[in-house]
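Enquirer: There's a structure below that I have some questions on.
The values are calculated or read from the model by the stated rules, or taken from the named source; none is laboratory data. Owing to the predicted nature of the structure, the values given are computational and were not obtained by experimental measurement. Here the Cβ positions follow ideal geometry from the backbone for every residue, glycine too, while neighbour counts run over all protein chains shown. SASA here: full protein model, heavy atoms, side chains in, ligands and nucleic acids out. Shrake-Rupley method; radii C 1.70, N 1.55, O 1.52, S 1.80 Å.
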Amino acid sequence: MAEALRRAAQLLGSARRVVVLTGAGISAESGVPTFRDDLTGLWARFDAQQLATAEAFHADPDLVWGWYEWRRARVSRAEPNPGHRAIAAIQTRVPDSTVITQNVDDLHERAGTRAPIHLHGSLFAPRCIAAAGHPATFEDISESEPGQPDEGGRVAPPQCTSCSALVRPGVVWFGEALPQAALTAAVEAAADCDVLLTVGTSGVVYPAAEIPGIAARSGAAVIQVNPQPTPLDRVCAINLRGTAAQVLPALVAAAWEETDEG
Ligand code: OAD
């Protein structure tokens with residue numbers, strides 16, 4: 001691991017364009033559950049088909065809205081961890097860098113990352129289900145919210161103040177297309193970087209999982225931070241087996257030869 005970390009730090013420290021792609025693992029040490037980890041992952045405890053599809057929302061809007069309000073409340077109580085902060089530090093060191101996340105939390109922003117690309121939307125950007133997709137604010141929502149959401153709790157979604165349609169979470173559900181501008185920006189950044197760092201993603205959800213391969217085929221060095229093997233291992237030049245909050249600060253410190261004191 002020490003040798004792999006040293007090689008990764010050399011690549012990162014000499015890169016002029018860096019892309020960081022994150023998944024749920026980056027937020028695990030902030031107390032936000034991942035999706036596919038055994039026992040603790042959301043998809044081990046909840047049925048995605050009943051909670052994360054447009055059909056589920058139409059069938060039972062209160063169940064789906066309540067589940068997302070429960071997740072939003074958990075994320076609001078969570079704090080960014082040293083992994084999120086190390087990624088923000090990379091952006092400070094390498095201004096021409098892009099952070100792409102599959103996460104719907106706001107922990108990158110709260111750690112200081114500028115304008116992360118949210119491939120799968122955000123818990124904090126609700127919109128109505130009408131074709132126009134009017135954005136809604138949580139001020140609108142709190143007026144009509146019947147109570148605090150809790151795990152499994154039902155909460156009636158509010159109505160759009162513009163057109164009275166139901167308001168839905170601003171996340172990408174199974175079967176839905178990713179936001180086109182976000183996907184285009186992510187692919188362009190990946191095709192034009194020197195180093196792509198993939199952190200805390202199982203690499204099984206497409207098209208996000210294609211992004212490390214796009215970077216590798218364009219000549220970038222792909223470095224992975226994950227305690228477990230993933231299907232992305234084969235496109236990665238270096239696999240750092242460890243957690244984001246442990247590995248990323250050490251990687252950033254080594255890349256720019258900082259000591260803990262300095
Ligand atoms: P997953 O839950 O599929 O994968 C989480 C990954 O993080 C796994 O590979 C873990 O080994 C790793 N991991 C766990 N703890 C970690 C830690 N402390 N540090 C680093 N890595 C850690 O989550 P995603 O890959 O993000 O989609 O899932 C992709 C998409 O599937 C999500 O965006 C979501 C879900 O369905 C939508 O909501 C559209």
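Enquirer: Given the options Arg36, Arg16, name the one that is within 16 Å of the ligand (Cβ to nearest atom) and either among the hydroxyl-bearing types (Ser, Thr, Tyr) or modelled with pLDDT of 90 or more (or both).
Expert: Step by step, each of Arg36, Arg16 is checked, and only Arg36 is within 16 Å of the ligand (Cβ to nearest atom) and either among the hydroxyl-bearing types (Ser, Thr, Tyr) or modelled with pLDDT of 90 or more (or both).
Enquirer: Show me the helices (runs of 4 or more DSSP H) found entirely inside region 45-85 where at least 2 residues are of a type in the set (Val, Ile, Thr) and crowded, with 16+ Cβ neighbours inside 10 Å.
Expert: 61-77
Enquirer: Six or more apart or on different chains, Cβ under 6 Å: which pairs go from a residue in region 6-21 that's open to solvent by 90 Å² or more (accessible area, probe 1.4 Å) to one that's in a loop (DSSP other than H, G, I, E, B)? Could you list them?
Expert: Pairs that qualify, where the first residue is open to solvent by 90 Å² or more (accessible area, probe 1.4 Å) and the partner is in a loop (DSSP other than H, G, I, E, B), are Arg16/Asp194.
Enquirer: Here's another thing I want to ask about it. So, in region 27-56, exactly how many residues are of a type in the set (A, V, I, L, M) and farther than 20 Å from Gly170 by Cβ?
Expert: Matching residues across region 27-56 total 3.
Enquirer: Could you check region 188-212 and list, in sequence order, the residues that are crowded, with 18+ Cβ neighbours inside 10 Å, within 15 Å of the ligand (Cβ to nearest atom) and part of a helix (DSSP H, G or I)?
Expert: Ala208, Ala209, Ile211, Pro212
Enquirer: Taking the criterion of being in contact with a helix residue (DSSP H, G or I) (Cβ under 9 Å, 6 or more places away or on another chain), farther than 26 Å from Arg241 by Cβ and β-branched (Val, Ile, Thr), would at least one residue in region 29-49 satisfy it?
Expert: No: zero hits.
Enquirer: Residue check, Val172 against (1) touching a His at 6+ places or on another chain (Cβ under 6 Å); (2) open to solvent by 50 Å² or more (accessible area, probe 1.4 Å); (3) of a type in the set (A, V, I, L, M), all met but one. Which one?
Expert: Checking Val172 against (1) touching a His at 6+ places or on another chain (Cβ under 6 Å); (2) open to solvent by 50 Å² or more (accessible area, probe 1.4 Å); (3) of a type in the set (A, V, I, L, M), the one that fails is (2).
Enquirer: In region 92-115, how many residues are touching a residue at least 60 places away in the same chain (Cβ under 8 Å) and either within 17 Å of Val32 (Cβ to Cβ) or open to solvent by less than 30 Å² (accessible area, probe 1.4 Å) (or both)?
Expert: 11
Enquirer: Something else: All but one of (1) buried (at least 18 other Cβ atoms within 10 Å of the Cβ); (2) on the phi > 0 side of the Ramachandran plot hold for Gly31, so report the exception by its number.
Expert: That leaves (1) as the condition not met.
Enquirer: Moving to a separate point now. Of Ala245, Ala254, Ala250, which residue is within 16 Å of Gly83 (Cα to Cα), within 12 Å of the ligand (Cβ to nearest atom), in a helix (DSSP H, G or I) and touching a residue at least 24 places away in the same chain (Cβ under 8 Å)?
Expert: Ala245
Enquirer: Same structure again: Could you list, ordered by first residue, the pairs with Cβ atoms under 6 Å in which the first is in region 152-177 and touching a residue at least 12 places away in the same chain (Cβ under 8 Å) and within 16 Å of the ligand (Cβ to nearest atom) and the second is assigned to a strand (DSSP E or B) and charged (D, E, K, R), at least 6 apart or interchain?
Expert: Gly170/Arg127
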